[in-house]
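The values are calculated or read from the model by the stated rules, or taken from the named source; none is laboratory data. Just so it is clear, the model here is predicted, and its values are computed rather than measured. Methodologically, a virtual Cβ is constructed for each residue, glycine included, from the backbone with ideal geometry; neighbour enumeration extends over all protein chains shown.
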């Protein structure tokens with residue numbers, strides 16, 4: 001949820017992430033991670049316009065992630081990973097509109113952790129929670145535009161997303177340590193459809209472009225930079241006019 005302030009020059013937002021993903025509780029030895037519905041870290045954000053001329057915009061913001069996700073635990077033994085780590089993401093973004101139908105947008109940011117993850121049980125050590133640096137560039141073109149009717153606009157888009165870690169990932173498991181630093185590059189393509197005046201529907205596919213992996217002799221341990229084969233995303237925005 002997002003609320004604009006000061007005639008749209010600033011906004012505050014709240015993010016409630018909920019996903020069917022890797023279960024926070026796993027057996028000690030498992031070849032395929034168990035899945036479950038999980039609540040992630042709730043996010044609170046503030047952003048504002050630094051400069052604009054009516055068509056082009058530069059903005060900056062800060063997102064704080066509250067550690068509301070479950071700690072990761074093992075079903076046997078007393079070992080768990082304490083996830084009471086706050087994350088802060090400052091970022092800078094831009095929107096350029098060379099023509100009435102063409103736009104280019106992008107952002108750069110850094111996801112910073114206030115401390116390392118702590119292991120409870122086992123060796124009771126601190127595990128590295130590397131900072132992440134992100135860059136994004138995208139472009140879109142408004143193919144269809146109409147001031148009346150059900151479908152008001154159709155805008156295909158294509159984006160490149162790059163994420164790199166400041167250090168090697170270490171979450172206490174051999175295959176995590178093998179991953180080392182992450183270096184993701186993802187291509188996303190889709191389209192946004194504006195429905196009447198108060199709704200947009202965005203659908204798209206994402207494909208990882210890097211395939212670097214780690215192997216130990218004949219044993220494949222990776223992948224590092226290819227965490228999935230493809231993904232489909234659907235997003236619906238409702239605007240209160």
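Before moving on, here are some points about what is shown:
- Selection status of residue 21, under 22 Å from the mean Cα position of the chain (by Cα) and modelled with pLDDT under 80: yes
- Checking each residue in the stretch 63-97 for being over 30 Å from residue 37 (Cβ atoms) and either assigned to a strand (DSSP E or B) or at pLDDT below 95 (or both) picks out 90, 92, 93, 94, 95, 96.
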